[in-house]
Amino acid sequence: MAGSCEKHGPQDDWSGVCRNVGDALKEGRSVGFNWGVDDGFYWAFCDECQTLTLNGEKRVHDLVPLCKGCFAEARLLNGNPEALQ
């Protein structure tokens, strides 16, 4: 999906994060960053969504796109955690 990020310009690759992670990045706050890569697609959930998912429940936040640069910034904002296995 080609497009353009307001901060990082034209992008060919996008990640998907829960809306809470995306909003928190804009506001400079930490909400947890539980992430992984499936078939080259980077994704991340906040702590609340991750807990719900692990308990077999539906996430409370929809996925929104982030460019790879914004994804890296959100990861750093949340303490640079390692990917989930």
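The values are calculated or read from the model by the stated rules, or taken from the named source; none is laboratory data. Every value quoted in this text rests on a predicted model; they were computed, and no experiment measured them. Backbone-built Cβ (ideal geometry, glycine too); neighbour counts: all protein chains shown.
Since residue 36 meets every condition but one in (1) closer than 24 Å to residue 4 by Cα; (2) assigned to a helix (DSSP H, G or I), which condition does it not meet?
(2)
Give me a count of the residues in segment 44-85 that are free of Cβ contacts under 8 Å to residues at least 60 places away in the same chain, assigned to a helix (DSSP H, G or I) and of a type in the set (Gly, Ala, Ser).
Residues meeting the conditions: 2.
Just to verify a result, which residue in segment 16-42, among those that are within 18 Å of residue 76 (Cβ to Cβ), out of contact with any Leu (no Cβ under 7 Å at 6 or more places or on another chain) and aromatic (Phe, Trp, Tyr), is surrounded by the most Cβ atoms within 10 Å (Cβ to Cβ)?
In this case the residue turns out to be 33.
Scan segment 16-43 and report the pairs whose first residue is without any contact (Cβ under 8 Å) to a residue 60 or more places away in the chain and over 9 Å from residue 63 (Cα atoms) and whose second residue is polar (S, T, N, Q) and surrounded by fewer than 19 Cβ atoms within 10 Å (Cβ to Cβ), with Cβ atoms within less than 7 Å and a gap of 6+ or a chain change.
24/30; 32/50; 34/50
So, in segment 44-77, exactly how many residues are surrounded by 14 or more Cβ atoms within 10 Å (Cβ to Cβ), of a type outside the set (A, V, I, L, M) and farther than 26 Å from residue 10 by Cβ?
Of the residues in segment 44-77, 10 are surrounded by 14 or more Cβ atoms within 10 Å (Cβ to Cβ), of a type outside the set (A, V, I, L, M) and farther than 26 Å from residue 10 by Cβ.
Take the residues in segment 57-76 that are in contact with a Lys or Arg (Cβ under 7 Å, 6 or more places away or on another chain) and closer than 9 Å to residue 21 by Cβ, then tell me which one is modelled with the highest pLDDT.
Here the answer is 64.
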